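Q: Have a look at this one.
Each value in this text was obtained by applying a stated rule to the coordinates, not by laboratory testing. As the structure is a computational prediction, the values presented were derived from the model and not from experiment. Reconstructed Cβ throughout: ideal geometry from the backbone, glycine too, with neighbour counts over all protein chains shown.
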């Protein structure tokens with residue numbers, strides 16, 4: 001059974017998800033294949049029961065995701081019978097953007113942020129769900145649940161709408177949109193406990209297994225396919241690792257772990273001393289880099 | 001781990017929890033601890049962010065990598081010398097770090113062995129008061145910080161008043177920076193006395209004064225050796241133990257329908273979150289607005305049907321009868337209904353830089369309902385420092401007032417003090433879509449209750465009201481080529497962009513259809529204008545703003561149309577361009593043709609143009625663009641409160 005705390009969070013998220021379906025012309029749920037997305041999708045399945053969620057899923061594929069993630073994504077959408085839109089920024093591919101030559105921040109901006117904006121414009125979505133949580137990062141803690149974006153998808157942190165009680169202002173003009181974060185008030189631990197209690201499937205990469213990795217600075221990078229650039233004389237070594245957050249494989253740092261079940265992950269979580277964002281190379285550029293990315297239209 | 005196939009099967013069967021108790025089940029049970037939402041408020045620099053940073057730090061919610069970042073940030077932005085600046089844990093925006101202040105409300109989470117907490121860190125600057133109110137609306141308890149060196153400041157009082165208005169019942173008076181006044185008990189006692197005498201006018205159930213030092217941790221989590229004269233609990237202990245049960249738990253059942261759930265023809269459910277009270281299968285319920293009644297057939301959730309749903313639970317209700325129910329309708333017990341009225345009195349906190357003007361129309365959101373609404377009068381505004389009522393004709397940002405409001409259709413509500421879920425509302429600007437005010441309903445105005453039943457006739461007023469506009473005719477008159485259509489075009493585009501329903505009539509769309517049988521003799525010209533006038537009158541009756549661009553050379557016909565309308569509905573706009581200029585422009589080559597004798601009866605040439613004697617607006621076009629002239633027209637409409 002769910003704890004009172006998780007029930008409260010679940011009900012709050014369902015309320016938010018329903019609100020979007022009722023108020024917007026053409027909403028979409030960003031599905032990033034991660035654990036937070038998994039919980040968000042699960043909540044959407046609950047929110048509209050016995051109907052199905054009245055919106056499609058959108059995955060902005062940078063083409064550098066772990067292979068396991070793509071398999072998982074396609075199987076999940078098919079087994080739930082939901083429409084899945086996959087968008088790749090073809091312009092970025094044509095320009096040869098990749099995490100090795102372009103660097104993490106350009107790669108992320110072009111393939112993720114630009115790709116997302118392209119997809120939202122192409123389909124004319126006026127609301128997009130994202131799985132971000134306030135406990136992830138400092139500028140996230142300042143974000144609204146209904147986060148208004150101008151015609152160019154940018155976030156203006158000084159001009160956010162006051163969010164009183166649960167009375168969300170969902171009004172947008174043509175070409176403006178809203179990003180909605182139903183998991184705003186969840187913590188990483190809540191996500192795991194809920195995943196466990198509800199038996200929500202996750203990408204196996206979250207669980208510890210022997211995987212081929214190379215060390216890059218402080219991080220362990222998994223060699224997921226032949227595109228990984230190895231330095232001279234460098235050989236991948238097998239280590240028992242798992243990922244606390246998933247993204248493009250060359251940019252996702254693994255942690256050494258023996259937690260090979262969700263239960264073990266939760267136990268590890270309860271004693272861990274580092275935040276999950278530590279493994280994400282894209283955040284380390286400089287302080288407040290998340291805020292900058294969000295101003296540009298990042299989720 | 002579950003396979004995807006098993007997951008989707010379980011999802012559709014609705015049994016996800018068939019699992020033995022494990023160690024993690026016990027962890028989950030541990031999460032059954034209660035939950036408290038609180039905010040920190042008070043004047044700028046009183047140490048709110050530092051206090052939260054300290055609470056997070058002491059409750060070990062700070063990870064090692066965050067601590068490393070904090071140390072480097074403290075060196076770069078910190079205001080505490082060589083020591084760690086805990087405020088930087090919460091002030092996350094670039095501007096905040098650079099200015100060393102909090103601008104926006106931040107929500108943080110931490111858990112102790114007793115309770116889980118969500119804390120809203122809110123800004124102290126007066127200009128960001130709306131963000132403080134946001135935090136207060138989502139909190140059960142407020143920690144009001146006071147700098148021991150400064151005592152009770154105007155902003156302290158303002159925040160106390162807002163907390164009280166928003167229904168926060170428990171206040172911690174945290175007298176901070178007590179280390180900087182030498183842990184002096186007399187100073188603490190004086191501040192507590194000052195605040196208590198002020199707060200006696202507010203509606204707090206309890207006020208708990210605690211002397212603290214957020215920077216050094218005195219009385220935050222652990223009792224302070226420096227303050228031996230204080231024997232009370234620490235701040236964290238207080239937050240862990242304060243009883244927040246409120247009288248609202250006894251409120252009657254309310255649920256606003258959020259989404260009508262119709263997966264197929266055999267199922268019709270009403271999805272929503274129970275706002276207050278409880279509902280049980282078999283209960284009789286009513287729709288507050290329409291008065292229609294039915295019985296609860298089932299309470300559907302993904303995890304199986306419930307016998308009863310209580311406040312806070314998200315469910316889908318099915319009824320035994322086919323009742324017409326839509327999003328926004330409020331379900332309630334037939335014998336304990338909310339008020340239904342279109343006029344009520346409320347407390348309002350204005351949050352926009354544009355002043356509130358009585359008579360201007362906004363959108364009001366209460367529950368799931370969105371309706372056009374007008375502030376009909378400001379009864380008085382509140383002088384927070386002296387606690388006096390002041391007369392006011394408008395309201396500026398951060399001012400609080402008691403107002404009468406009128407909505408375009410009746411809404412269901414309870415007094416905010418009885419039920420915050422159904423008595424709180426926001427106002428939205430119809431043009432910028434900004435949230436401009438937060439309101440707490442006090443009571444329905446008696447005159448409203450009888451009015452809405454008579455609102456069944458569909459007349460001009462009713463039609464105009466659902467368009468939220470004041471219908472009228474903008475009659476552009478002037479010589480051929482004077483610029484009537486160009487100006488009218490720009491005006492119409494701007495009105496349309498602002499959400500007004502318009503219709504433009506000109507020679508092109510009238511001469512080819514309605515008036516195709518008419519020529520250009522004087523008699524035909526008169527009949528042409530008469531018909532256009534009649535069409536305009538019908539369109540105004542339909543609630544539209546009509547823009548007419550016709551030479552309409554004769555004063556008599558223009559007067560005739562004016563007299564067919566109500567006062568203020570006919571706005572004559574004289575587009576005054578010298579004939580030499582019209583001939584120079586000659587956009588349709590008509591003057592050239594007239595000069596060659598190919599057109600007879602051409603106005604200004606061989607047919608007269610009677611200059612309007614008293615037009616509402618006289619546009620002298622020489623040297624001005626169509627945009628500038630359109631601005632003059634819109635300025636006039638604004639002045640007349642026709643369009644904003």
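Q: How big is Rg to Rh over region B:560-641, alpha-carbon atoms, Rh as the Kirkwood inverse-mean-distance radius?
A: Values: Rg = 15.6 Å, Rh = 15.0 Å.
When Rh is taken as the Kirkwood radius, the ratio is 1.05.
Q: Over all residues in A:15-21, what is the mean tally of Cβ atoms on other chains that come within 10 Å of each residue's Cβ?
A: 4
Q: Here's something else I'd like to know. If the chain between residue B:555 and residue B:460 were fully stretched, how many nm would it gain, using 0.36 nm times the residue separation less the Cα-Cα distance?
A: Result for the pair: 31.4 nm of gain on full extension.
Q: Still on this structure, I have one more. Any chance you could give the angle, 0 to 90 degrees and rounded to 10, that helix B:64-77 forms with the longest Cα principal axis of chain B?
A: The helix B:64-77 is inclined about 60 degrees to chain B.
Q: Here's a follow-up. Can you pull the percent of Cα pairs in the protein assembly as shown with separation above 50 Å?
A: 31 percent
Q: May I ask for the angle, rounded to the nearest 10°, between helix B:154-165 and the longest principal axis of chain B, with both axes built from Cα atoms and the value confined to 0 to 90°?
A: So the inclination is approximately 90 degrees.
Q: Go ahead and estimate [θ] at 222 nm for chain A from helices alone: -39,500 (n - 2.57) per DSSP H run with n ≥ 4, summed, over the residue count, rounded to 500.
A: Counting only the DSSP helices, I get -9500 deg cm²/dmol.
Q: Roughly speaking, what is the stretch gain from residue B:598 to residue B:221, that is 0.36 nm per residue apart minus the C-alpha to C-alpha distance, in nm to one decimal?
A: On the way: separation 377, 0.36 × 377 = 135.72 nm, distance 9.61 nm.
This chain segment gains 126.1 nm when fully extended.
Q: Here is a further query. How large, in Å, is region B:118-162 by the Kirkwood hydrodynamic radius built from its alpha-carbon pairs? Display every interim value, and only then the final one.
A: On the way: mean 1/r = 0.0907 Å⁻¹.
Final number for the Kirkwood radius of region B:118-162 is 11.0 Å.
Q: Take A:194, B:216, B:238 and order them by how many other Cβ atoms sit within 10 Å, fewest up front.
A: In increasing order of surrounding Cβ atoms, one gets B:216, B:238, A:194.
Q: Taking a point 7 angstrom from the Cα of residue B:35 along the C-beta vector, which residues in region A:6-23 have backbone N less than 18 Å away?
A: Backbone N within reach: A:6-19.
Q: Next question. Of B:283, B:147, how do they rank once you tally other Cβ atoms within 10 Å and put the fewest first?
A: Final ranking by Cβ density, sparse to dense: B:283, B:147.
Q: Can I ask one more? Return the single residue from A:229, A:242, A:133 with maximal mean-square fluctuation; model: Gaussian network over chain A, springs between Cα atoms under 10 Å.
A: Looking only at A:229, A:242, A:133, the largest GNM fluctuation is found for A:229.
Q: If you take the Cα atoms of region B:157-232, find Rg, then find the Kirkwood Rh from the mean of 1/r over all pairs, what is Rg/Rh?
A: 1.00
Q: Pairs of alpha-carbon atoms within less than 8 angstrom and 6+ residues apart define the contacts here; what relative contact order does chain A have, in percent?
A: Values: 480 pairs, mean separation 62.5, N = 299.
Relative contact order of chain A: 21 percent.
Q: Decide, for chain B, between rounded, prolate and oblate: order the square roots of the alpha carbon gyration tensor eigenvalues as a ≥ b ≥ c, take rounded if a/c falls under 1.5, and otherwise choose prolate if a/b is larger than b/c, else oblate.
A: Because a/c hits 1.5 or more and a/b exceeds b/c, chain B counts as prolate.
Q: Viscosity 0.890 mPa s, temperature 25 °C: give me the Stokes-Einstein translational D for chain A in µm²/s, with Rh taken as the Kirkwood radius over C-alpha pairs. Numbers along the way, then the final one.
A: Values: Rh = 19.8 Å.
D, rounded to a whole number, is 124 µm²/s.
Q: Give the share of C-alpha pairs in each 10 angstrom bin for region B:244-400, from 0 to the last occupied bin, in whole percents, shortest bins first.
A: With a bin width of 10 Å, the distribution comes to 10, 32, 24, 21, 12, 2, 0.
Q: Something else about it: When a footprinting reagent is the concern and you count Cβ atoms within 10 Å, what order do A:123, B:230 take, fewest first?
A: Placing the least packed residue first, the sequence is A:123, B:230.
Q: Name the residues of region B:590-614 whose amide N is less than 16 Å from a point 7 angstrom out from the Cα of residue B:508 along the C-beta direction?
A: It comes to B:590, nothing else.
Q: Another question, if that's okay. Taking region B:135-285 as the region of interest, what is the percent of Cα-Cα pairs per 5 angstrom bin, listed from the shortest bin to the one with the maximum distance?
A: Binned Cα distances yield the sequence 2, 8, 15, 16, 14, 11, 7, 6, 6, 5, 4, 3, 2, 1, 0.
Q: Between residue B:614 and residue B:297, with labels modelled 7 Å along Cα→Cβ, what's the label distance in nm to one decimal, could you check?
A: 6.6 nm
Q: Right, another one. I'd like the mean, over residues of A:38-51, of how many other protein chain beta carbons sit within 10 Å of each residue's own Cβ.
A: 5
Q: Ranked highest first by average number of other Cβ atoms within 10 Å, how do B:545-555, B:567-577, B:374-384 line up? Write down the numbers at each step before the final one.
A: Values: B:545-555: 23.5, B:567-577: 19.4, B:374-384: 17.8.
Highest-to-lowest ranking by the protection proxy: B:545-555, B:567-577, B:374-384.
Q: Quantify how strongly other chains surround peptide A:172-179 by giving the mean number of their Cβ atoms within 10 Å of each of its Cβ atoms.
A: Mean partner shielding for this stretch: 1.
Q: Then there is this: What is the gain in length, in nm to one decimal, between residue B:521 and residue B:432 on full extension, counting 0.36 nm per residue of separation less the C-alpha to C-alpha distance?
A: Values: separation 89, 0.36 × 89 = 32.04 nm, distance 4.84 nm.
In short, 27.2 nm is gained.
Q: Among A:36, A:61, A:225, whose mean-square fluctuation peaks in a Gaussian network model of chain A (Cα, cutoff 10 Å)?
A: Top of the fluctuation ranking is A:225.
Q: Enter the per residue convex hull volume of region A:7-95, computed from alpha-carbon coordinates, in Å³ rounded to the nearest integer. Write down the numbers at each step before the final one.
A: On the way: hull volume 9.7 nm³, N = 89.
Value for region A:7-95: 109 Å³ per residue.
Q: While we're looking at this one, here's another question. Rounded to the nearest 10 degrees, what's the angle between the helix A:4-23 long axis and the longest principal axis of chain A, both from Cα atoms, 0 to 90?
A: 60 degrees
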